[in-house]
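Asker: I'd like to ask some things about the structure below.
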Amino acid sequence: MSVMHKKYFTTVEIFFIASMIGLDFAYGMVVGPLLSATGVLEIIRIDMIIPIMMMLTTRLVVDKFGTLIVYEFVWGVLAMVARPASFAAMPGFLKLIPALTYGIMLDSLMELFKQKLYARILIAGVVGSIVYQFVFTGMRILYGLPWSEAVQILFGIRLVTTIVVNVLAIHLTYLIWTSVERTGWVRRIQSWRTS
């Protein structure tokens, strides 16, 4: 008698994750340059509210460890190819280190407090973003960014504004998820796990 092994991600889940990554990437390709032209992104990355909400919502729909690791890996590869200047001119595949670290942190933290939705996404979003900023800045320092007083001040500002942006994205995620979690399309995606 042969044992059938189920795939970790179903075809429907892979399609959903890929669709969300595509939407996220397209959003970044359009909105990022528009906001960059205004100079507002030098102060606060408000363009990240929607992508963070999309990542967290993707993880809630496909609630499996590894969802956001895959999400960040694919997004990072797309960004390397289509936007070579992304990740502050880090060389080659080293650009993936901050993205993968972020995915691992988010996925790991999303495993906590599964019965308390807001606490779960709040801790994942805020702690994940803080770790990402430390890794991102650390990688830039390894590749020549001097740890000067100006860089330290900018890092502090970036850390505070990142937390603000993430809290806004978390609240938006909460509002959207509580509106869609019992809808037919979410149930259909999730029902494939047991079929």
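The values are calculated or read from the model by the stated rules, or taken from the named source; none is laboratory data. Model, not experiment: these values are computed from the prediction. Counting neighbours? That spans all protein chains shown, and the Cβs are built from the backbone with ideal geometry, glycine included.
Asker: Within the range 120-138, how many residues turn out to be over 14 Å from residue 45 (Cβ atoms) and among the aromatic types (Phe, Trp, Tyr)?
Answerer: 1
Asker: Among the residues of the range 146-169, is there at least one that is among the hydrophobic types (A, V, I, L, M, F, W, C), loosely packed, with under 14 Cβ neighbours inside 10 Å, free of Cβ contacts under 8 Å to residues at least 40 places away in the same chain and not in a helix (DSSP H, G or I)?
Answerer: Checked the range 146-169: at least one residue is among the hydrophobic types (A, V, I, L, M, F, W, C), loosely packed, with under 14 Cβ neighbours inside 10 Å, free of Cβ contacts under 8 Å to residues at least 40 places away in the same chain and not in a helix (DSSP H, G or I).
Asker: Which one is modelled with the highest pLDDT, of the residues in the range 28-55 that are out of contact with any helix residue (DSSP H, G or I) (no Cβ under 6 Å at 6 or more places or on another chain), of a type outside the set (A, V, I, L, M, F, W, C) and at negative phi?
Answerer: This residue is 28.
Asker: When you scan the range 13-27, do you find a residue that is within 14 Å of the chain's Cα centre (by Cα) and not in a helix (DSSP H, G or I), even just one?
Answerer: No: the range 13-27 contains no residue that is within 14 Å of the chain's Cα centre (by Cα) and not in a helix (DSSP H, G or I).
Asker: Taking the range 34-78 only, how many residues are of a type outside the set (S, T, N, Q), farther than 25 Å from residue 180 by Cα and free of Cβ contacts under 8 Å to residues at least 24 places away in the same chain?
Answerer: Residues flagged as of a type outside the set (S, T, N, Q), farther than 25 Å from residue 180 by Cα and free of Cβ contacts under 8 Å to residues at least 24 places away in the same chain within the range 34-78 amount to 8.
Asker: Select from the range 27-67 the residues that are among the acidic types (Asp, Glu) and within 26 Å of residue 155 (Cα to Cα) and list them in ascending order.
Answerer: Hits for the range 27-67 are 42, 47.
Asker: Ok, one more. Could you list, in sequence order, all residues of the range 28-79 that are under 13 Å from the mean Cα position of the chain (by Cα) and assigned to a loop (DSSP other than H, G, I, E, B)?
Answerer: Scanning the range 28-79 gives a single hit, 66.
Asker: Could you grab me the full set of residues in the range 130-145 that are part of a helix (DSSP H, G or I) and either in contact (Cβ under 8 Å) with a residue 60 or more places away in the chain or surrounded by 12 or more Cβ atoms within 10 Å (Cβ to Cβ) (or both)?
Answerer: Hits for the range 130-145 are 130, 131, 132, 133, 134, 135, 136, 137, 138, 139, 140, 141.
Asker: For the range 121-139, give me each residue that is at pLDDT below 95 and more than 13 Å from the chain's Cα centre (by Cα).
Answerer: Answer for the range 121-139, where residues must be at pLDDT below 95 and more than 13 Å from the chain's Cα centre (by Cα): 134, 135, 136, 137, 138, 139.
Asker: Please go through the range 99-129 and pick out each residue that is loosely packed, with under 15 Cβ neighbours inside 10 Å, among the acidic types (Asp, Glu) and in a helix (DSSP H, G or I).
Answerer: none
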